[in-house]
1. So which strands (runs of 3 or more DSSP E) are wholly in region 334-397 and hold at least 3 residues that are open to solvent by less than 60 Å² (accessible area, probe 1.4 Å)?
2. Which one is most open to solvent (accessible area, probe 1.4 Å) among residues in region 94-122 that are within 15 Å of S328 (Cα to Cα) and among the aliphatic types (A, V, I, L, M)?
3. Among I314, I304, I292, which is outside any loop (DSSP other than H, G, I, E, B) and more than 18 Å from P121 (Cα to Cα)?
4. For region 126-169, which residues satisfy the criterion of being surrounded by fewer than 13 Cβ atoms within 10 Å (Cβ to Cβ), touching a strand residue (DSSP E or B) at 6+ places or on another chain (Cβ under 9 Å), charged (D, E, K, R) and at pLDDT below 90?
5. I'm trying to understand the selection: among the residues of region 210-241, which are surrounded by 14 or more Cβ atoms within 10 Å (Cβ to Cβ), more than 36 Å from the chain's Cα centre (by Cα), modelled with pLDDT under 90 and farther than 10 Å from R258 by Cβ?
6. Select, from E91, E84, the only residue that is open to solvent by less than 60 Å² (accessible area, probe 1.4 Å) and touching a Lys or Arg at 6+ places or on another chain (Cβ under 8 Å).
7. Within region 1-76, considering only helices (runs of 4 or more DSSP H) that don't extend past its boundaries, which have at least 2 residues that are open to solvent by 50 Å² or more (accessible area, probe 1.4 Å)?
8. With K419, K458 as the choices, which residue is in contact with a strand residue (DSSP E or B) (Cβ under 6 Å, 6 or more places away or on another chain) and at pLDDT below 95?
Amino acid sequence: MFVFAIAIGVATFIENDYGTIAAKALIFNNWWLELCLFLLTAIFIYNIFIYKLYHVRKLPVLFLHLSFILIIVGAAITRYTGSEGMMRIREGNLNNQFVSSTTFLTFKVHNNQTQYMVDKPLLLSSISNNKFSIPNYFGKTIKIDNKKIKVEYLNFIQDPIDQILENQKDGYDVLELVVPAKSGGMQSEYIAVNKSKEINDLLVSFNANLLVSKDVGESNADFLISKLDSSFYFTSIYDVEYMRMSDQSKGVLEKQTRHLLNAKTLYTINGKNMVFKNYFNNSIITKSTSSIKNDDNTSDLLKIKLIVADRDTIIDLYGTRGLISPKSYFTFNDLFFSFSYGSKNYSLPFAIFLKDFQLERYPGSNSPSSFASEVEVIDGEEKMDYRIFMNNVLNYRGYRFFQSSYDDDEKGTILSVNKDRAGTIFTYIGYLSLLLSVISVLVSRFSRFNLLNKNIKKES
(Lines give C-alpha, C1' and ligand atoms only; values in the text may rest on other atoms or scores of the structure.)
Protein backbone atom coordinates (compact mmCIF):
# COMPACT_ATOMS: atom_id res chain seq x y z
CA MET A 1 0.00 0.00 0.00
CA PHE A 2 2.93 2.31 0.70
CA VAL A 3 4.45 1.65 -2.74
CA PHE A 4 1.06 2.14 -4.36
CA ALA A 5 0.48 5.47 -2.55
CA ILE A 6 3.94 6.77 -3.51
CA ALA A 7 3.45 5.73 -7.15
CA ILE A 8 0.09 7.51 -7.42
CA GLY A 9 1.55 10.64 -5.81
CA VAL A 10 4.46 10.72 -8.27
CA ALA A 11 2.06 10.08 -11.18
CA THR A 12 0.10 13.19 -10.20
CA PHE A 13 3.19 15.39 -10.58
CA ILE A 14 4.15 13.71 -13.87
CA GLU A 15 0.67 14.26 -15.28
CA ASN A 16 0.76 17.92 -14.28
CA ASP A 17 4.20 18.57 -15.81
CA TYR A 18 4.30 16.20 -18.79
CA GLY A 19 0.68 15.28 -19.53
CA THR A 20 -1.66 12.32 -19.10
CA ILE A 21 0.04 10.10 -21.69
CA ALA A 22 3.40 10.38 -19.88
CA ALA A 23 1.76 9.45 -16.55
CA LYS A 24 0.10 6.43 -18.15
CA ALA A 25 3.27 5.29 -19.89
CA LEU A 26 5.49 5.62 -16.82
CA ILE A 27 3.12 4.55 -14.01
CA PHE A 28 -0.61 3.97 -14.56
CA ASN A 29 -0.24 1.41 -17.37
CA ASN A 30 3.05 -0.06 -16.23
CA TRP A 31 3.33 -3.76 -15.37
CA TRP A 32 4.75 -3.20 -11.89
CA LEU A 33 1.76 -1.10 -10.79
CA GLU A 34 -0.57 -3.82 -12.06
CA LEU A 35 1.49 -6.35 -10.08
CA CYS A 36 1.15 -4.13 -7.01
CA LEU A 37 -2.65 -4.07 -7.40
CA PHE A 38 -2.74 -7.82 -8.00
CA LEU A 39 -0.77 -8.45 -4.77
CA LEU A 40 -3.06 -6.10 -2.84
CA THR A 41 -6.12 -7.98 -4.11
CA ALA A 42 -4.53 -11.32 -3.19
CA ILE A 43 -3.77 -10.02 0.31
CA PHE A 44 -7.37 -8.79 0.78
CA ILE A 45 -8.74 -12.20 -0.28
CA TYR A 46 -6.22 -14.00 1.96
CA ASN A 47 -7.23 -11.88 4.97
CA ILE A 48 -10.91 -12.73 4.49
CA PHE A 49 -10.16 -16.40 5.12
CA ILE A 50 -7.21 -16.24 7.52
CA TYR A 51 -9.10 -13.87 9.86
CA LYS A 52 -12.52 -15.48 9.15
CA LEU A 53 -14.08 -12.17 8.20
CA TYR A 54 -17.17 -14.00 6.90
CA HIS A 55 -18.50 -14.32 10.48
CA VAL A 56 -21.39 -12.04 11.45
CA ARG A 57 -19.28 -10.31 14.09
CA LYS A 58 -16.79 -9.14 11.44
CA LEU A 59 -19.17 -7.98 8.69
CA PRO A 60 -17.93 -4.35 8.70
CA VAL A 61 -14.36 -5.47 7.96
CA LEU A 62 -15.60 -8.02 5.40
CA PHE A 63 -17.50 -5.32 3.48
CA LEU A 64 -14.41 -3.09 3.59
CA HIS A 65 -12.20 -5.83 2.09
CA LEU A 66 -14.81 -6.73 -0.52
CA SER A 67 -15.11 -3.08 -1.60
CA PHE A 68 -11.36 -2.84 -2.36
CA ILE A 69 -11.40 -6.18 -4.18
CA LEU A 70 -14.38 -5.25 -6.35
CA ILE A 71 -13.06 -1.77 -7.16
CA ILE A 72 -9.67 -3.17 -8.25
CA VAL A 73 -11.35 -5.92 -10.31
CA GLY A 74 -13.59 -3.29 -11.93
CA ALA A 75 -10.52 -1.21 -12.76
CA ALA A 76 -8.84 -4.26 -14.33
CA ILE A 77 -11.91 -4.97 -16.50
CA THR A 78 -11.93 -1.33 -17.62
CA ARG A 79 -8.20 -1.47 -18.37
CA TYR A 80 -8.38 -4.55 -20.58
CA THR A 81 -11.88 -4.56 -22.09
CA GLY A 82 -13.18 -0.98 -21.98
CA SER A 83 -12.93 1.59 -24.76
CA GLU A 84 -13.25 5.35 -24.77
CA GLY A 85 -12.93 8.26 -27.15
CA MET A 86 -14.46 11.44 -28.51
CA MET A 87 -17.44 11.98 -30.82
CA ARG A 88 -18.08 15.17 -32.82
CA ILE A 89 -21.53 15.98 -34.20
CA ARG A 90 -22.62 19.09 -36.07
CA GLU A 91 -26.13 20.52 -35.70
CA GLY A 92 -28.52 18.87 -38.14
CA ASN A 93 -26.18 15.89 -38.65
CA LEU A 94 -25.88 12.40 -37.20
CA ASN A 95 -22.86 10.29 -36.38
CA ASN A 96 -22.36 6.62 -35.53
CA GLN A 97 -18.59 6.64 -34.98
CA PHE A 98 -16.21 7.90 -32.31
CA VAL A 99 -12.44 8.41 -32.34
CA SER A 100 -10.39 6.35 -29.89
CA SER A 101 -8.44 8.04 -27.10
CA THR A 102 -5.69 5.46 -27.67
CA THR A 103 -3.14 5.89 -30.44
CA PHE A 104 -2.24 3.01 -32.74
CA LEU A 105 0.52 2.15 -35.16
CA THR A 106 -1.36 0.52 -38.04
CA PHE A 107 0.31 -1.11 -40.99
CA LYS A 108 -0.62 -3.50 -43.79
CA VAL A 109 1.62 -5.43 -46.14
CA HIS A 110 0.59 -7.56 -49.11
CA ASN A 111 1.83 -8.98 -52.40
CA ASN A 112 -1.59 -9.10 -54.14
CA GLN A 113 -2.08 -12.61 -52.75
CA THR A 114 -1.17 -12.66 -49.06
CA GLN A 115 -1.94 -9.84 -46.61
CA TYR A 116 -0.75 -9.17 -43.07
CA MET A 117 -2.17 -6.42 -40.84
CA VAL A 118 -1.08 -5.06 -37.43
CA ASP A 119 -2.88 -2.67 -35.06
CA LYS A 120 -0.49 -1.93 -32.19
CA PRO A 121 -1.66 0.37 -29.37
CA LEU A 122 1.05 2.79 -28.27
CA LEU A 123 1.67 5.07 -25.29
CA LEU A 124 4.45 7.41 -26.40
CA SER A 125 5.80 10.40 -24.50
CA SER A 126 8.91 12.55 -24.32
CA ILE A 127 10.14 11.00 -21.02
CA SER A 128 9.16 7.32 -21.26
CA ASN A 129 10.94 4.34 -22.79
CA ASN A 130 9.06 4.11 -26.07
CA LYS A 131 11.00 1.25 -27.66
CA PHE A 132 9.03 -1.47 -29.44
CA SER A 133 9.33 -3.83 -32.36
CA ILE A 134 6.87 -5.76 -34.53
CA PRO A 135 6.98 -8.66 -34.10
CA ASN A 136 8.48 -8.58 -30.60
CA TYR A 137 10.62 -11.31 -29.07
CA PHE A 138 7.61 -13.54 -28.45
CA GLY A 139 5.71 -12.75 -31.65
CA LYS A 140 5.32 -14.91 -34.72
CA THR A 141 7.66 -14.04 -37.60
CA ILE A 142 6.05 -11.99 -40.38
CA LYS A 143 7.04 -13.47 -43.70
CA ILE A 144 5.69 -12.86 -47.24
CA ASP A 145 7.36 -14.19 -50.40
CA ASN A 146 9.94 -15.77 -48.10
CA LYS A 147 10.96 -12.24 -46.95
CA LYS A 148 11.08 -11.52 -43.23
CA ILE A 149 9.38 -8.23 -42.29
CA LYS A 150 10.12 -6.27 -39.13
CA VAL A 151 9.25 -2.80 -37.80
CA GLU A 152 11.50 -1.14 -35.21
CA TYR A 153 11.09 2.03 -33.17
CA LEU A 154 13.65 4.76 -33.88
CA ASN A 155 12.44 7.99 -32.26
CA PHE A 156 9.41 9.88 -30.98
CA ILE A 157 9.36 13.68 -31.24
CA GLN A 158 6.55 15.34 -29.33
CA ASP A 159 5.00 18.49 -30.89
CA PRO A 160 7.88 18.69 -33.43
CA ILE A 161 9.31 21.92 -34.79
CA ASP A 162 12.04 22.48 -37.39
CA GLN A 163 15.58 23.10 -36.22
CA ILE A 164 18.61 24.06 -38.33
CA LEU A 165 21.99 22.31 -38.04
CA GLU A 166 24.60 24.46 -39.75
CA ASN A 167 27.95 23.59 -41.33
CA GLN A 168 27.07 19.99 -42.12
CA LYS A 169 29.13 17.91 -44.53
CA ASP A 170 26.04 16.65 -46.38
CA GLY A 171 24.09 19.90 -45.92
CA TYR A 172 22.04 21.89 -48.41
CA ASP A 173 20.58 25.37 -48.91
CA VAL A 174 17.76 26.35 -46.55
CA LEU A 175 15.53 29.44 -46.38
CA GLU A 176 14.01 30.78 -43.16
CA LEU A 177 10.64 32.54 -43.40
CA VAL A 178 8.80 34.10 -40.48
CA VAL A 179 5.00 33.79 -40.44
CA PRO A 180 2.22 34.33 -37.86
CA ALA A 181 1.73 31.34 -35.53
CA LYS A 182 -1.75 29.89 -35.05
CA SER A 183 -1.37 30.20 -31.28
CA GLY A 184 -0.33 33.86 -31.58
CA GLY A 185 3.00 35.57 -32.12
CA MET A 186 5.42 34.64 -34.90
CA GLN A 187 7.21 31.43 -35.85
CA SER A 188 9.98 30.38 -38.22
CA GLU A 189 9.36 28.05 -41.16
CA TYR A 190 12.26 26.44 -43.03
CA ILE A 191 12.31 25.29 -46.68
CA ALA A 192 15.08 23.17 -48.20
CA VAL A 193 16.25 23.79 -51.74
CA ASN A 194 14.23 22.01 -54.46
CA LYS A 195 11.41 21.43 -51.98
CA SER A 196 7.87 22.76 -51.43
CA LYS A 197 6.04 23.29 -48.16
CA GLU A 198 2.52 24.24 -47.05
CA ILE A 199 2.82 27.40 -44.94
CA ASN A 200 -0.33 29.09 -43.62
CA ASP A 201 -2.45 27.61 -46.45
CA LEU A 202 0.08 28.72 -49.09
CA LEU A 203 2.22 26.29 -51.08
CA VAL A 204 5.70 27.83 -50.98
CA SER A 205 8.57 26.43 -53.09
CA PHE A 206 12.31 27.05 -53.10
CA ASN A 207 13.83 26.44 -56.57
CA ALA A 208 11.27 23.65 -57.12
CA ASN A 209 10.46 23.08 -60.82
CA LEU A 210 12.43 26.21 -61.77
CA LEU A 211 13.18 26.67 -65.47
CA VAL A 212 16.43 28.64 -65.42
CA SER A 213 16.24 29.48 -69.12
CA LYS A 214 13.16 31.66 -68.57
CA ASP A 215 12.71 34.85 -66.61
CA VAL A 216 9.83 33.32 -64.64
CA GLY A 217 9.92 29.84 -63.14
CA GLU A 218 7.06 27.46 -63.80
CA SER A 219 5.70 25.78 -60.69
CA ASN A 220 2.42 24.69 -59.14
CA ALA A 221 3.36 26.70 -56.04
CA ASP A 222 1.45 29.75 -54.85
CA PHE A 223 4.72 31.48 -53.99
CA LEU A 224 7.90 30.38 -55.80
CA ILE A 225 11.26 31.51 -54.43
CA SER A 226 14.38 31.15 -56.59
CA LYS A 227 18.08 31.86 -56.05
CA LEU A 228 20.01 33.35 -58.96
CA ASP A 229 23.66 34.17 -58.31
CA SER A 230 23.67 35.67 -54.81
CA SER A 231 20.16 37.18 -54.87
CA PHE A 232 16.71 35.77 -54.19
CA TYR A 233 13.61 36.35 -56.29
CA PHE A 234 9.98 35.32 -56.05
CA THR A 235 7.01 34.77 -58.34
CA SER A 236 3.43 34.61 -57.03
CA ILE A 237 0.11 33.60 -58.56
CA TYR A 238 -1.40 36.48 -56.53
CA ASP A 239 -0.65 40.19 -56.42
CA VAL A 240 1.67 40.74 -53.45
CA GLU A 241 1.45 43.67 -51.06
CA TYR A 242 4.67 44.69 -49.33
CA MET A 243 5.80 46.98 -46.52
CA ARG A 244 9.46 47.77 -45.87
CA MET A 245 10.15 47.81 -42.15
CA SER A 246 13.01 50.30 -42.50
CA ASP A 247 10.98 53.21 -43.90
CA GLN A 248 7.36 51.85 -43.71
CA SER A 249 6.97 52.29 -47.49
CA LYS A 250 4.20 50.21 -49.11
CA GLY A 251 3.23 49.00 -52.54
CA VAL A 252 1.79 46.18 -54.66
CA LEU A 253 3.84 43.79 -56.79
CA GLU A 254 2.23 42.29 -59.89
CA LYS A 255 1.46 38.58 -59.98
CA GLN A 256 3.18 36.15 -62.40
CA THR A 257 6.18 38.47 -62.50
CA ARG A 258 9.61 37.95 -61.00
CA HIS A 259 10.48 40.33 -58.13
CA LEU A 260 13.48 40.73 -55.86
CA LEU A 261 12.93 39.09 -52.42
CA ASN A 262 14.14 41.48 -49.73
CA ALA A 263 14.83 40.79 -46.07
CA LYS A 264 13.05 42.81 -43.38
CA THR A 265 10.07 43.32 -45.68
CA LEU A 266 6.54 42.18 -44.85
CA TYR A 267 4.89 40.46 -47.82
CA THR A 268 1.14 39.79 -47.88
CA ILE A 269 0.09 37.03 -50.29
CA ASN A 270 -3.66 36.40 -50.58
CA GLY A 271 -4.12 37.78 -47.06
CA LYS A 272 -1.22 35.75 -45.59
CA ASN A 273 1.78 37.56 -44.11
CA MET A 274 5.38 36.44 -44.58
CA VAL A 275 8.89 37.82 -43.93
CA PHE A 276 12.14 36.52 -45.49
CA LYS A 277 14.50 36.32 -42.53
CA ASN A 278 17.59 34.25 -43.30
CA TYR A 279 19.47 31.95 -45.68
CA PHE A 280 21.63 28.99 -44.64
CA ASN A 281 23.98 26.95 -46.79
CA ASN A 282 25.44 23.53 -45.97
CA SER A 283 22.69 23.07 -43.40
CA ILE A 284 20.22 20.34 -42.47
CA ILE A 285 16.60 20.65 -41.27
CA THR A 286 15.92 18.38 -38.29
CA LYS A 287 12.99 17.98 -35.94
CA SER A 288 13.03 18.72 -32.20
CA THR A 289 10.33 18.79 -29.55
CA SER A 290 8.75 22.16 -28.82
CA SER A 291 7.40 21.39 -25.31
CA ILE A 292 7.70 18.79 -22.56
CA LYS A 293 3.91 18.62 -22.12
CA ASN A 294 2.07 17.13 -25.08
CA ASP A 295 -0.45 19.25 -26.98
CA ASP A 296 -3.24 17.09 -28.42
CA ASN A 297 -3.90 19.78 -31.03
CA THR A 298 -0.46 19.27 -32.59
CA SER A 299 0.69 16.17 -34.47
CA ASP A 300 3.65 14.24 -33.05
CA LEU A 301 6.36 12.56 -35.14
CA LEU A 302 6.99 8.83 -34.87
CA LYS A 303 10.09 7.60 -36.71
CA ILE A 304 10.27 3.86 -37.43
CA LYS A 305 12.53 1.55 -39.41
CA LEU A 306 11.00 -0.94 -41.83
CA ILE A 307 13.18 -3.98 -42.50
CA VAL A 308 12.32 -6.33 -45.38
CA ALA A 309 14.80 -9.17 -45.87
CA ASP A 310 18.21 -7.49 -46.24
CA ARG A 311 16.89 -3.98 -46.97
CA ASP A 312 15.61 -1.24 -44.65
CA THR A 313 14.11 2.24 -44.86
CA ILE A 314 13.12 4.97 -42.40
CA ILE A 315 9.50 6.15 -42.27
CA ASP A 316 8.17 9.38 -40.69
CA LEU A 317 4.60 9.16 -39.38
CA TYR A 318 2.70 12.18 -38.05
CA GLY A 319 -0.29 11.75 -35.75
CA THR A 320 -1.72 12.38 -32.30
CA ARG A 321 -4.47 11.28 -29.95
CA GLY A 322 -7.95 12.09 -31.25
CA LEU A 323 -6.81 12.48 -34.87
CA ILE A 324 -7.35 9.98 -37.70
CA SER A 325 -4.11 10.29 -39.64
CA PRO A 326 -3.97 9.67 -43.40
CA LYS A 327 -2.29 6.45 -44.46
CA SER A 328 1.11 6.48 -46.16
CA TYR A 329 1.17 4.09 -49.15
CA PHE A 330 4.38 2.91 -50.82
CA THR A 331 6.16 -0.07 -52.39
CA PHE A 332 9.34 -1.43 -50.86
CA ASN A 333 11.35 -4.49 -51.84
CA ASP A 334 8.54 -5.62 -54.19
CA LEU A 335 5.90 -5.55 -51.41
CA PHE A 336 3.03 -3.07 -50.90
CA PHE A 337 2.78 -1.23 -47.57
CA SER A 338 0.47 1.22 -45.82
CA PHE A 339 1.35 2.89 -42.49
CA SER A 340 -0.40 5.33 -40.17
CA TYR A 341 -0.03 6.56 -36.60
CA GLY A 342 -2.87 8.05 -34.56
CA SER A 343 -6.33 7.23 -33.27
CA LYS A 344 -8.81 5.03 -35.11
CA ASN A 345 -12.57 5.01 -35.57
CA TYR A 346 -14.95 2.77 -33.65
CA SER A 347 -18.47 2.20 -34.98
CA LEU A 348 -21.59 2.33 -32.80
CA PRO A 349 -24.54 -0.06 -33.28
CA PHE A 350 -26.75 3.05 -33.43
CA ALA A 351 -26.50 6.71 -34.45
CA ILE A 352 -26.90 10.02 -32.61
CA PHE A 353 -28.51 13.04 -34.31
CA LEU A 354 -27.74 16.50 -32.93
CA LYS A 355 -30.92 18.55 -32.99
CA ASP A 356 -29.58 21.60 -31.17
CA PHE A 357 -26.50 22.70 -29.24
CA GLN A 358 -27.17 25.23 -26.48
CA LEU A 359 -24.62 27.46 -24.78
CA GLU A 360 -25.33 29.83 -21.91
CA ARG A 361 -22.95 32.50 -20.61
CA TYR A 362 -22.59 34.36 -17.37
CA PRO A 363 -24.40 37.74 -17.53
CA GLY A 364 -22.11 40.42 -18.95
CA SER A 365 -19.39 37.91 -19.79
CA ASN A 366 -18.26 35.67 -22.66
CA SER A 367 -17.40 32.87 -20.25
CA PRO A 368 -19.75 29.86 -20.69
CA SER A 369 -21.80 28.98 -17.61
CA SER A 370 -23.29 25.77 -19.08
CA PHE A 371 -23.75 23.97 -22.38
CA ALA A 372 -25.99 21.12 -23.46
CA SER A 373 -26.82 18.96 -26.47
CA GLU A 374 -30.36 18.12 -27.54
CA VAL A 375 -29.93 14.78 -29.33
CA GLU A 376 -31.98 11.99 -30.82
CA VAL A 377 -30.78 8.39 -30.57
CA ILE A 378 -31.64 6.46 -33.74
CA ASP A 379 -31.50 2.67 -33.39
CA GLY A 380 -33.17 1.12 -36.44
CA GLU A 381 -36.86 1.99 -36.21
CA GLU A 382 -36.48 3.06 -32.59
CA LYS A 383 -35.89 6.73 -31.75
CA MET A 384 -35.34 8.44 -28.40
CA ASP A 385 -34.87 12.11 -27.48
CA TYR A 386 -32.37 13.03 -24.79
CA ARG A 387 -30.64 16.10 -23.35
CA ILE A 388 -26.96 15.70 -22.49
CA PHE A 389 -25.39 18.23 -20.13
CA MET A 390 -23.16 18.37 -17.07
CA ASN A 391 -23.91 15.42 -14.76
CA ASN A 392 -26.68 14.24 -17.09
CA VAL A 393 -25.19 11.32 -19.02
CA LEU A 394 -26.73 9.46 -21.94
CA ASN A 395 -26.51 5.75 -21.11
CA TYR A 396 -27.57 3.51 -24.00
CA ARG A 397 -26.70 -0.10 -24.86
CA GLY A 398 -23.58 -0.11 -22.70
CA TYR A 399 -22.27 3.21 -24.05
CA ARG A 400 -22.11 6.35 -21.92
CA PHE A 401 -22.00 9.81 -23.52
CA PHE A 402 -20.78 12.83 -21.54
CA GLN A 403 -20.92 16.47 -22.58
CA SER A 404 -17.24 17.29 -23.03
CA SER A 405 -16.78 20.37 -25.22
CA TYR A 406 -18.06 22.13 -28.35
CA ASP A 407 -16.92 23.59 -31.68
CA ASP A 408 -15.63 27.15 -31.79
CA ASP A 409 -18.61 28.34 -33.86
CA GLU A 410 -21.01 26.82 -31.30
CA LYS A 411 -22.72 24.78 -34.05
CA GLY A 412 -21.38 21.40 -32.99
CA THR A 413 -20.89 19.32 -29.88
CA ILE A 414 -18.03 17.13 -28.66
CA LEU A 415 -19.11 14.13 -26.60
CA SER A 416 -16.89 11.89 -24.52
CA VAL A 417 -17.76 8.23 -25.21
CA ASN A 418 -17.16 5.35 -22.82
CA LYS A 419 -17.98 1.66 -23.19
CA ASP A 420 -17.34 -0.28 -20.01
CA ARG A 421 -20.54 -1.85 -18.68
CA ALA A 422 -18.88 -4.76 -16.84
CA GLY A 423 -16.16 -2.62 -15.26
CA THR A 424 -18.69 0.02 -14.20
CA ILE A 425 -20.96 -2.61 -12.58
CA PHE A 426 -18.09 -4.11 -10.55
CA THR A 427 -16.88 -0.66 -9.49
CA TYR A 428 -20.35 0.47 -8.39
CA ILE A 429 -20.86 -2.74 -6.41
CA GLY A 430 -17.52 -1.99 -4.76
CA TYR A 431 -18.76 1.49 -3.80
CA LEU A 432 -21.94 -0.09 -2.41
CA SER A 433 -19.85 -2.53 -0.35
CA LEU A 434 -17.83 0.40 1.00
CA LEU A 435 -21.06 2.15 2.00
CA LEU A 436 -22.34 -1.03 3.70
CA SER A 437 -19.06 -1.21 5.60
CA VAL A 438 -19.58 2.29 7.01
CA ILE A 439 -23.24 1.61 7.86
CA SER A 440 -22.46 -1.73 9.52
CA VAL A 441 -19.81 -0.06 11.68
CA LEU A 442 -22.53 2.26 13.01
CA VAL A 443 -25.34 -0.29 13.48
CA SER A 444 -23.59 -3.60 14.25
CA ARG A 445 -23.52 -4.44 17.97
CA PHE A 446 -20.25 -6.31 17.44
CA SER A 447 -18.37 -3.40 15.91
CA ARG A 448 -15.52 -1.70 17.74
CA PHE A 449 -17.50 1.54 17.62
CA ASN A 450 -20.46 0.08 19.56
CA LEU A 451 -18.28 -1.88 22.01
CA LEU A 452 -16.48 1.32 23.01
CA ASN A 453 -19.82 3.10 23.31
CA LYS A 454 -21.08 0.41 25.72
CA ASN A 455 -17.96 0.69 27.86
CA ILE A 456 -18.37 4.45 28.12
CA LYS A 457 -21.97 4.03 29.27
CA LYS A 458 -20.97 1.46 31.90
CA GLU A 459 -18.29 3.73 33.32
CA SER A 460 -20.67 6.69 33.43
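1. Details: elements: 335-342, 345-361, 368-379, 382-388, 394-396.
The qualifying strands (runs of 3 or more DSSP E) are 335-342, 345-361, 368-379.
2. Restricting to residues being within 15 Å of S328 (Cα to Cα) and among the aliphatic types (A, V, I, L, M), the top hit is M117.
3. Values: I304 fails: more than 18 Å from P121 (Cα to Cα); I292 fails: outside any loop (DSSP other than H, G, I, E, B).
Of the residues listed, the single one that is outside any loop (DSSP other than H, G, I, E, B) and more than 18 Å from P121 (Cα to Cα) is I314.
4. Result: K169, single match.
5. L210, K227
6. Numbers: E84 fails: open to solvent by less than 60 Å² (accessible area, probe 1.4 Å).
Exactly one of E91, E84 is open to solvent by less than 60 Å² (accessible area, probe 1.4 Å) and touching a Lys or Arg at 6+ places or on another chain (Cβ under 8 Å), namely E91.
7. Numbers: elements: 2-18, 20-23, 31-50.
Fully inside region 1-76 and qualifying: 2-18, 31-50.
8. Numbers: K458 fails: in contact with a strand residue (DSSP E or B) (Cβ under 6 Å, 6 or more places away or on another chain).
K419 is the lone residue from the list that is in contact with a strand residue (DSSP E or B) (Cβ under 6 Å, 6 or more places away or on another chain) and at pLDDT below 95.
The values are calculated or read from the model by the stated rules, or taken from the named source; none is laboratory data. Since this is a predicted model, take the numbers as computed values, not measurements. All Cβ positions, glycine included, derive from the backbone under ideal geometry; neighbour counts span all protein chains shown. Only protein heavy atoms, including side chains, enter the accessible area calculation; ligands, DNA and RNA are left aside. Shrake-Rupley method; radii C 1.70, N 1.55, O 1.52, S 1.80 Å.
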